[in-house]
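Chemist: Provided herewith is a single structure, encoded as structure tokens, for subsequent inquiry.
The values are calculated or read from the model by the stated rules, or taken from the named source; none is laboratory data. Computed from a predicted model, the values in this text were never measured in an experiment. Cβ atoms come from the backbone with ideal geometry, glycine included; neighbour counts cover every protein chain shown. Areas reflect the complete protein model, heavy atoms only, side chains present, ligands, DNA and RNA absent. Shrake-Rupley method; radii C 1.70, N 1.55, O 1.52, S 1.80 Å.
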Amino acid sequence: MITKSTIQKEIHLSGVGIHSGKNVDLLLRPSSLGGIIFRRTDLDNLELTLDPKKIETKSSTYLVSEECKIQTLEHLLAVLYMFGIDSLIIEINGDEIPIMDGSASPFAQAILNAGVMSLPDGKKSIKIIKPSSLGENDAVFSFSQDSDFKITYSIEYDHPAIQKQELSLSLNLENFIKEIAPARTFGFLKDVPALRAQGLAIGGSLDNAVVLDDKTVISGPLRYPDEFVRHKILDLIGDLSLMGSPLIGHFKAQRAGHGLHLKAIRFLLNNPEFWAYI
Ligand SMILES: [Zn+2]
């Protein structure tokens, strides 16, 4: 039986929000309550429980309630999912998870340092038992049966530094830490004015994103030649974690983004004939 897990000790992190541009402190606290609970310490400890029905996307994945929101959840959520951590209190004094270096490695390293602790409660996995696919414009998302948690992602950008990239792997904690967590978020210089006009990417910089001009990468060396598609896998893991259980199946995305990821998650949650709890 697999069990619910939390962290062994508190983790404190701080940094800028890539969209808000504001500095935030993040305190991850061990919990035995069995869910992921966000607590806005700047709003009288207002609590929001992670729930796929309260998720929206716009350049990032965020949790919303009537009173507040917390944006850019996906990199932290991907790390929690891969470590099997599903019982945690996340205290934050702002509305966005810090972007750190643009990757998930700082979160993964912090959890490795703190340690993971099993809780007595068991948990079930979600196994895909019937394939299907969904589309949106030229993007496609499909899922099918597999004995592992497998992701295949392909992207295609009309940009000389990216072009076509595809990566397929069966994920475990070890290859996630080595192959996926270090891949940084990326953005195009030409999109910055429009994003900033919408209040997005205000905290984005050459230190927390792979930045591309029309021809090349201007933010220094890439961590992998295909860092872009690796980061898309990271984002997808974070979004898929909203299913609330470990996943067994093959998830394939082509030219997708947070919007289609979320559409697929809602489809799965609304159509339980495609999966089974095991
Ligand atoms: Zn991302």
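Chemist: Of Gly257, Pro225, Ile237, which is farthest on the positive side of the dipole of region 144-278, counting Cα position, with +1 on Lys and Arg Cβ, -1 on Asp and Glu Cβ, and the Cα centre as origin?
Modeler: Gly257
Chemist: Calculated from DSSP H runs of 4 or more alone, at -39500 (n - 2.57) each and per residue, what is the 222 nm mean residue ellipticity of the chain, nearest 500? Let's see the in-between values first.
Modeler: Values: 5 runs with 53 residues, N = 278.
Only helices count here, giving -5500 deg cm²/dmol.
Chemist: Moving to a separate point now. Work through the residues other than Asn208 whose Cβ is under 9 Å from its Cβ and net out their charges, Lys, Arg +1 and Asp, Glu -1. Display every interim value, and only then the final one.
Modeler: Numbers: positive: Arg184; negative: Asp101, Asp207.
Computed value for this residue: -1.
Chemist: In terms of solvent-accessible area of protein heavy atoms at a 1.4 angstrom probe, what is the ranking of Ser219, Ser32, highest value first?
Modeler: Working: Ser219 25, Ser32 90 Å².
Highest to lowest solvent-accessible surface, that is Ser32, Ser219.
Chemist: Would you mind putting 262-272, 230-240, 83-93 in packing order, based on average other-beta-carbon counts within 10 Å, highest first? Walk me through the intermediate numbers first.
Modeler: Working: 262-272: 15.9, 230-240: 25.2, 83-93: 20.1.
Averaged packing, sorted descending, gives the order 230-240, 83-93, 262-272.
Chemist: Which three extents, in angstrom, do the Cα atoms of the chain have along their principal axes, listed largest first?
Modeler: Between the extreme Cα coordinates on each principal axis of the chain lie 53, 45, 36 Å.
Chemist: For region 109-199, just the Cα atoms, rotate onto the principal axes and tell me the three extents in Å, largest first.
Modeler: Projected onto its principal axes, the Cα set of region 109-199 covers 50, 38, 26 Å.
Chemist: Please state the charge dipole magnitude for the chain, taken about the Cα centre, from unit charges on C-beta atoms (+1 on K and R, -1 on D and E), reported in debye and rounded to the nearest 20.
Modeler: Numbers: 28 positive and 34 negative charges, 99 e Å.
Dipole about the Cα centre, nearest 20: 480 debye.
Chemist: Moving on. May I ask which residue of Gln163, Leu119, Ser59 lies farthest towards the positive end of the charge dipole of the chain, with charges of +1 (Lys, Arg) and -1 (Asp, Glu) on Cβ and the Cα centre as origin?
Modeler: Going by the Cα projections, it comes out as Leu119.
Chemist: Note down the Stokes-Einstein diffusion coefficient of region 1-69 in µm²/s, whole number, using a Kirkwood radius over alpha carbon pairs, 37 °C, and 0.692 mPa s.
Modeler: Details: Rh = 14.0 Å.
The diffusion coefficient I find is 235 µm²/s.
Chemist: Multiplying the sequence separation of Leu206 and Ala276 by 0.36 nm and subtracting their Cα-Cα distance, what value in nm do you get? Don't skip to the end; give the middle numbers.
Modeler: Values: separation 70, 0.36 × 70 = 25.20 nm, distance 4.35 nm.
Here the answer is 20.8 nm.
Chemist: According to a simple spin-label model (label point 7 Å from Cα along Cα-to-Cβ), what is the distance in nm between Ser32 and Gln198?
Modeler: Result: 4.4 nm between the two label points.
Chemist: What does the accessible area of His258 come to, in Å² to the nearest 10, when a probe of 1.4 Å is used?
Modeler: 30
Chemist: For Lys54, Lys190, give me the order by solvent-accessible area with a 1.4 Å probe, most accessible first, ignoring ligands, DNA and RNA.
Modeler: Working: Lys54 80, Lys190 135 Å².
Descending accessible area places them as Lys190, Lys54.
Chemist: Could you order Glu10, Glu66, Glu96, Glu166 by accessible surface area, starting with the largest, using a probe radius of 1.4 Å?
Modeler: Details: Glu10 95, Glu66 185, Glu96 0, Glu166 125 Å².
Descending order: Glu66, Glu166, Glu10, Glu96.
Chemist: How big is the charge dipole of region 88-221 about its Cα centre, in debye rounded to the nearest 20, if each Lys and Arg gets +1 on its Cβ and each Asp and Glu gets -1 on its Cβ? Don't jump to the answer; show the numbers that get you there.
Modeler: Numbers: 11 positive and 18 negative charges, 72 e Å.
In debye, rounded to 20, region 88-221 gives about 340.
Chemist: Follow-up. Only bridges whose two residues both fall in the chain count here: according to DSSP, what percent of them are antiparallel, nearest 5?
Modeler: So the antiparallel bridges amount to about 75 percent of the total.
Chemist: Summing Lys, Arg as +1 and Asp, Glu as -1, what charge do residues with Cβ under 15 Å from the Cβ of Phe267 carry, Phe267 excluded?
Modeler: Surrounding charge for Phe267 is +2.
Chemist: I've got another one for you. How many nm is it between the label spots at Lys130 and Thr49, if each spot is 7 Å from the Cα in line with the beta carbon?
Modeler: Computed distance between label sites Lys130 and Thr49 equals 2.9 nm.
Chemist: Whole angstrom only: what separates the Cα centroid of region 167-201 from the Cα centroid of region 32-76?
Modeler: 20
Chemist: Let me ask something else about it. With a 1.4 Å probe and every protein chain kept in, tell me what percent of the accessible surface of region 1-50 is carbon plus sulfur.
Modeler: Details: 1200 of 2630 Å².
The value for region 1-50 is 46 percent carbon and sulfur by accessible area.
Chemist: Can you list the aspartates and glutamates whose alpha carbon is less than 18 Å from that of Lys9, not counting same-chain residues fewer than 8 positions off?
Modeler: Within the straight-line cut-off, Lys9 pairs with Asp25, Asp86, Glu91.
Chemist: Using only the Cα atoms of region 1-149, build the gyration tensor, take square roots of its eigenvalues as a ≥ b ≥ c, and label the shape rounded, prolate or oblate: rounded if a/c is under 1.5, else prolate if a/b is larger than b/c, else oblate. Walk me through the numbers before you get to the answer.
Modeler: Working: a/c = 1.69, a/b = 1.18, b/c = 1.44.
Taking the square roots of the gyration eigenvalues as a ≥ b ≥ c, region 1-149 is oblate.
Chemist: In the chain, if the dipole is taken from +1 on Lys/Arg beta carbons and -1 on Asp/Glu beta carbons about the Cα centre, which of Pro30, Met1, Ile97 is farthest to the positive end?
Modeler: Met1
Chemist: Hey, got the dipole for region 1-128? About the Cα centre, +1 on K and R Cβ, -1 on D and E Cβ, debye to the nearest 20?
Modeler: On the way: 13 positive and 16 negative charges, 105 e Å.
The calculation lands at about 500 debye.
Chemist: Could I ask something else about it? I'd like to check one number: the per residue accessible area of the chain, probe 1.4 Å, reported in Å² as a whole number.
Modeler: On the way: 12310 Å² over 278 residues.
Per-residue value: 44 Å².
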